[in-house]
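Reading through the structure tokens given below for one structure.
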Amino acid sequence: MRAPVGLHLEYVSPAAYQAARWGDVLGIATFNGTRAAAGCAADVPVAQVSTSVLPGSAHVYEVWRAGEPTEPGRHERVAFRRTADMLFGCIAVDEAEVRAAAHSALHEATAQVYREICATLDTQGCPHLLRVWNYLPDINRDSHGTERYRQFNRARQHALRASGRALAGNVPAASALGAAGASPLVVYFLAGRTAPIFVENPRQVSAYHYPRQYGSHSPVFSRAALLRQRASLTLFISGTASIVGHRSLHVGDTAAQTRETLANIEALLAEANRVACGAHFSLDALACKVYVRRPPDLPVIQAELASAFGTDARIVYLQADICRQDLLVEIEATAMSPLAANG
Ligand code: 3EB
């Protein structure tokens, strides 16, 4: 068996996870909103995300491993595990259970989530968010005079500012997707003791500089974050879609949106290879989650990805709404690159 070196990501079935009994697990995300099955240690943080796995409704565990022993902990509603250098955490807050006075319940839930995440990281001495996954029920629905994704952006920005975090530049890679109605707001994340390198896409306007037509408060995320460990580099690629400059392209054409998204990911890989000494990231060494707005589009998307990635790509397909109504597909990815011993 290969000894894992540094941070590691696996997509596995619940049965495979239980059989492996990894001692170095940092945390897990499950899709379909399933409870973690028996056999999963009680103190492993599990983010239960309510997005269906395609096709059908298989169960998938996204397992993050540290390659070294991990310690559990809890701070307010954030469950986490950590090593000396990094921390995986997750939190779920139900909008039905928050008291919303001045703003919407989603605004209040988002503010609470980000306040508790930042407080956890500050008290744990792991202050740098590397990568954040956000799942919001009914992301495209309007309420309180504005789309819920925009309410989320506003609250995220306020909470990060209140916690002394940057709002542009040194901001984490992220994804923000829809989840089943009436599910809680679920956020999970990786954070580090030291800051990563943040990477922007030369083909895209930075999301934190989007013009106001996309909302009064810009989304706070980088296109990618690059983590350097002793023997490896990890590139966390944010949710990426058919956006060039700041505009959505190929409205209504799922195949063309998929190709444009791949072009964006290739541009990011090239940019990461340019800024990171010793990096050799390439399309065929990615692990991806592909978010599909309309399940009948799955074969079209799969056909485009098969020709780009080849056959041993690690790809999980999920049904999820995407944060702009005109986007039909979004891809997030994690890329690992070994480093030479003297790298
Ligand atoms: C985009 O490029 C698509 O709000 O955290 C992608 C990744 C998107 C993260 C977020 C949003 C977010 O704007 C949407």
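Remarks
- Cα-based shape type of the stretch 242-296, given that a ≥ b ≥ c are square roots of the gyration tensor eigenvalues and the cut on a/c is 1.5: oblate
- Euclidean distance of C-alpha centroids, the stretch 114-184 and the stretch 303-319, integer Å: 28
- Calculated mean residue ellipticity, 222 nm, the chain: -7500 deg cm²/dmol, from DSSP H runs (n ≥ 4) at -39500 (n - 2.57) each, averaged per residue and rounded to 500.
- Exposure rank, largest accessible area first [C118, C277; 1.4 Å]: C277, C118
- Oblate is the label for the stretch 96-220, because the ratio a/c of its alpha-carbon gyration tensor axes (a ≥ b ≥ c) is 1.5 or higher and a/b is not greater than b/c.
- Once the convex hull of all Cα atoms in the chain is built, its volume per residue stands at 130 Å³.
- Positive minus negative residues near L26 (Lys, Arg vs Asp, Glu; Cβ under 9 Å): +2
- Net charge of neighbours whose Cβ lies under 9 Å from the Cβ of P72, counting Lys and Arg as +1 and Asp and Glu as -1: +1
- Protection proxy ranking, highest mean first, for peptides 236-243, 15-22: 236-243, 15-22, where packing is the per-residue count of other beta-carbon atoms within 10 Å, averaged.
- With the simple model of a label 7 Å out from the Cα in the direction of the Cβ, D24 to A195 spans 2.8 nm.
- Share antiparallel - DSSP beta bridges, the chain, percent rounded to 5: 75
- Of the accessible area of the stretch 96-145, computed with a 1.4 Å probe over protein heavy atoms only, carbon and sulfur atoms account for 46 percent.
- Shape of the stretch 1-154, Cα gyration tensor, a/c cut at 1.5: oblate
- Figure note: H75, H144 ranked by solvent-accessible area, largest first, 1.4 Å probe, ligands and nucleic acids not counted: H144, H75.
The values are calculated or read from the model by the stated rules, or taken from the named source; none is laboratory data. What you see is a predicted model, and the numbers here were worked out from it, not measured in a lab. Cβ coordinates were reconstructed from backbone atoms using ideal geometry, including for glycine residues, and neighbour counts include every protein chain displayed. Remember, those area values only see protein heavy atoms, side chains included, never the ligands or the DNA or RNA. Shrake-Rupley method; radii C 1.70, N 1.55, O 1.52, S 1.80 Å.
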